[in-house]
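Visitor: Sharing a structure, written as C-alpha cells. Questions coming.
Each value in this text was obtained by applying a stated rule to the coordinates, not by laboratory testing. None of these values were measured; they are calculated from a predicted model. Heads up, the Cβs are rebuilt from the backbone with ideal geometry, glycines too, and the neighbour counts pull from every protein chain shown.
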C-alpha cells in the first residue's frame, strides 16, 4: 500500500530497461496488480518470468491475459510455481519447486504480501499475519533461493538482483520505539486508529531492513548481487480496494472515487520495481544502489524513517527471524 503521493515522473520501461533475453526472473504475487505489471514489463524485455502465487487457476488466467496483451517486442517466456506465503513451510516448498525447474535466477522480486488486516496470531507459528506473510515467509523463500542466486552471480557478466517491494507507510513508525528482539516484538499490536496500518508498516520496515542486511551479507562474502527495497507509490490495485477504509458504507465509495483520480495504474505502479530489477543504470552505478531505498520511478532517496537505516535493528531482525525459523526446523 502506498502513501498518498502525486503522479510519478515520466519513465518508459520499453526504452529504459536492459535487454533481458536469456535472463530468468521470479515475481511473487505476479498474477495481479503491481506484480502482474512487473511480469509484463520484464517479459516484454525478453526475460523468462516465473510467477509465484497460490492459485493455479488465477495464475493461468493471468498468463493467458499476458499472452493476449502481447509480450512483444522482447517475447519473453512465462511460467509459474505454487507459492503460499501464509505458511513458511509452503514458502520453502515453493522455492524448491522453482529450483527443480531452473538452473539460474537473475532477478528475484519479492512483491507478494498482505496489506491492512485484522490482528490475528497464526496458530502454528505464533506470529501475527502481517509479519508472517510479509517478512518471515519471504525471508525463508529467499534464503532457499540463495544458492542459485549466488551461482548465477558467479557467471561472467552477471547482473543478479533481489528486490523487496516495501511501502512508504513505514513513515508512520517515525517517533515509535521499534525492536525485533523476539516474537513478542513481531507480534506488536499497536493502539489507536492507525494500529492496523502500523502493523503493516512494521512488516514493510522488516523488508527494508532485510534488504540492507542481505546486501551486507553479500558484500562481506564478495558476492556481486544487488539488493534494493522500494516504495511503489500510490497504486490502484486489488489490495487497495480490499483495505478496511474502502468497506465502510458511506465513506468507502467516496474514497474510491477520489483515489481513482490520484492513484496511478498498476502499469505505472510497477515502474520502481522494474527499474530496480532491470535498469542498466543500477548495473553501471552499482555502489550507489546496493542496499538502497527507491521511490518511483527509480529515485534514490533517504527512507522516510530513521529506523530503516538502523544497522543494529537490521541485525536484530535477521537474528530473531533465523531463531524463529530454526525453532521449527526451517
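Visitor: Helix-only estimate, please: 222 nm mean residue ellipticity of the chain, summing -39500 (n - 2.57) across DSSP H runs of length 4 or more and dividing by its residues, to the nearest 500.
Guide: Here the helix-only value at 222 nm equals -13000 deg cm²/dmol.
Visitor: Give me the tail of P(r) for the chain as a percent: Cα-Cα pairs with distance above 28 Å.
Guide: Percent of Cα pairs beyond 28 Å in the chain: 35.
Visitor: Averaging sequence separations of C-alpha pairs under 8 Å and six or more residues apart, then dividing by the length of the range 13-327, give the relative contact order as a whole percent.
Guide: In percent, rounded to a whole number, it is 20.
Visitor: Need one number: nm distance between label points at residue 69 and residue 55, each 7 Å from Cα along Cα→Cβ, rounded to one decimal.
Guide: Rounded to a tenth, the inter-label distance reads 1.7 nm.
Visitor: So how far, in whole Å, is the C-alpha centre of the range 198-224 from the one of the range 273-291?
Guide: 16 Å
Visitor: Oh, and also: Using the number of other C-beta atoms within 10 angstrom as an exposure proxy, rank 171, 306 with the fewest first.
Guide: Ordered from fewest to most neighbouring Cβ atoms within 10 Å, 171, 306 come out as 306, 171.
Visitor: For the pair residue 328 and residue 155, what calculated FRET efficiency results from E = 1/(1 + (r/R0)^6), where r is the Cβ-Cβ distance and R0 = 51 Å, to the nearest 0.05?
Guide: 0.90
Visitor: When a footprinting reagent is the concern and you count Cβ atoms within 10 Å, what order do 282, 227, 39 take, fewest first?
Guide: Starting with the residue having the fewest Cβ neighbours, the order is 282, 227, 39.
Visitor: Now for a different question. Compute the length gained on full extension between residue 312 and residue 96: take 0.36 nm times their separation in residues and subtract their Cα-Cα distance, giving the result in nm to one decimal. Before the final figure, lay out each step's value.
Guide: Numbers: separation 216, 0.36 × 216 = 77.76 nm, distance 3.12 nm.
Net length gain for the segment: 74.6 nm.
Visitor: Can you compute the modelled spin-label distance between residue 299 and residue 123, with each label point 7 Å from Cα toward Cβ, in nm?
Guide: With each label placed 7 Å out from Cα toward Cβ, I get 4.7 nm.
Visitor: Note the full-extension length gain between residue 185 and residue 12 as 0.36 nm times their separation in residues minus their Cα-Cα distance, in nm to one decimal.
Guide: 58.2 nm
Visitor: For labels at residue 287 and residue 174 in the simple 7 Å Cα→Cβ model, what's the distance in nm?
Guide: Taking the simple label geometry, residue 287 and residue 174 are separated by 3.1 nm.
Visitor: Right, another one. Can you put 41, 307, 67 in order, fewest other beta carbons within 10 Å first?
Guide: Result, fewest neighbours first: 67, 307, 41.
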